[in-house]
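We did not get these values from a lab; they are worked out from the coordinates using the rules stated. Every value quoted in this text rests on a predicted model; they were computed, and no experiment measured them. Positions of Cβ are backbone-derived with ideal geometry, glycine not excepted, and every protein chain shown enters the neighbour counts.
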Amino acid sequence: MQPCFATDSVRQSYEALKASGVKILEEYQEYAPTFALFKIADPDGNMIEIAGNP
């Protein structure tokens with residue numbers, strides 16, 4: 001099981017986390033006009049999904 005956090009701006013979250021040096025496991029992807037996601041690793045290496053509006 002992996003946690004998923006919802007956000008109103010996935011792209012903005014992706015850019016901010018990437019700029020902060022967070023390890024990106026799966027790059028930003030848009031799957032529909034109203035849905036996007038990417039995956040990161042927490043400090044222990046666990047996968048976390050960030051999803052929501054692009």
### Task
Output the residues belonging to the stretch 40-54 that are surrounded by 13 or more Cβ atoms within 10 Å (Cβ to Cβ), farther than 14 Å from Glu27 by Cβ and of a type in the set (Gly, Ala, Ser).
Gly52
### Message
Step by step: first the residues of the stretch 1-36, then only those that are of a type in the set (S, T, N, Q) and within 18 Å of Met47 (Cα to Cα), then the one that is nearest to the chain's Cα centre (by Cα). Which residue is that?
### Response
Ser13
## Note on the structure
If we ask which residues in the stretch 20-54 are at positive phi and either in contact with a helix residue (DSSP H, G or I) (Cβ under 7 Å, 6 or more places away or on another chain) or not in a loop (DSSP other than H, G, I, E, B) (or both), their number turns out to be 1
### Query
Among the residues of the stretch 30-37, is any without any contact (Cβ under 8 Å) to a residue 12 or more places away in the chain and surrounded by 12 or more Cβ atoms within 10 Å (Cβ to Cβ)?
no
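Does the stretch 6-29 hold any residues that are in contact (Cβ under 8 Å) with a residue 40 or more places away in the chain and either loosely packed, with under 13 Cβ neighbours inside 10 Å or among the polar types (S, T, N, Q) (or both), and which are they?
The answer is Ala6, Thr7, Asp8, Ser9.
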### Summary
Checked the stretch 2-19 for anything in a strand (DSSP E or B) and small (Gly, Ala, Ser); matches are Ala6
